[in-house]
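Below you'll find the structure, written out as structure tokens, and then a few comments.
Every number in this text was worked out from the coordinates using simple rules, so none of it is lab data. Model, not experiment: these values are computed from the prediction.
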Amino acid sequence: MTFSNEFDKLLALLLQEYFKCKYKATNYTDTYTRKSLIESMLHISKRASYNHCIEVQADKHKVADAYHEWLEKNADRLAQEDAEFKDSLDKPPRNGN
């Protein structure tokens, strides 16, 4: 597999942005320690998987669908609890203060 100069430029920009976010400062060189590069690549690969992996996206949709189903099933109970809470805010405390 051959990578272009454009890929190398994008990789440099990605690393620069990663370290800028991590340390809240710009690194004015284009070199890093081996350990910091490995850590950055692990973080980037996890983020790429979370945002772009089809299996992860499918799992996120399953979780969202299950949450929405739960909300629909419990909408009446949640509305009642919310109304009771708001009503309790209008009442004076029971301890006489």
Query raised in the report: With axes computed from alpha carbons, what is the tilt in degrees of helix 75-90 against the longest principal axis of the chain, rounded to the nearest 10 within 0 to 90?
Result: 70 degrees
Report summary line: With N residues in the chain, Rg(alpha-carbon) / (2.2 N^0.38 Å) equals 1.99
Requested in this report: On a 0 to 90° scale, report how tilted helix 5-23 is relative to the longest principal axis of the chain, with both axes built from alpha carbons and the result rounded to the nearest 10.
Outcome: 50 degrees
Query raised in the report: Using the C-alpha atoms of the stretch 1-51, what convex hull volume per residue, in cubic angstrom, is computed?
Result: 101 Å³
Report task. Kindly express, to the nearest 10 degrees and within the range 0 to 90, the angle between helix 54-73's C-alpha long axis and the longest C-alpha principal axis of the chain. Result -> 10 degrees
